[in-house]
Amino acid sequence: MPRRRPRQRPELPPTGLLDWTDSRHWDRTARPCRYCDQPTNLRDSNRKPAHKTCAEVALHQQNQDMAAAYENERLT
């Protein structure tokens, strides 16, 4: 029997992907997303309304900001 090649894992964004499969990330009531103001039933880990993709973009931006601040601090 031939050996199976391992599946290629998709490349993740620098912050990775958030796992919101737990039912705690869902609410029956749609509320405005804290990032884009569009209605969402999703909740972040603090139970604040947020789209998963909006939260991932915000985390990515925070990482970039921290990296830039670190680089600026290192150069001074």
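Quick one: net charge of PRO39's neighbours, Cβ under 13 Å, K/R +1, D/E -1? Combined, the nearby Lys, Arg, Asp and Glu give +2. Proximity of backbone amide H atoms, modeled 1.01 Å from N, is registered between THR40 and ARG31, CYS33 at under 5 Å, excluding neighbours fewer than 5 places apart on the same chain.
Read-outs: derived from the displayed coordinates by stated rules, not from any lab. All of these numbers come straight from a predicted model, not from anything done at the bench. Note that we place each Cβ from the backbone using ideal geometry, even for glycine, and neighbour counts take in every protein chain shown.
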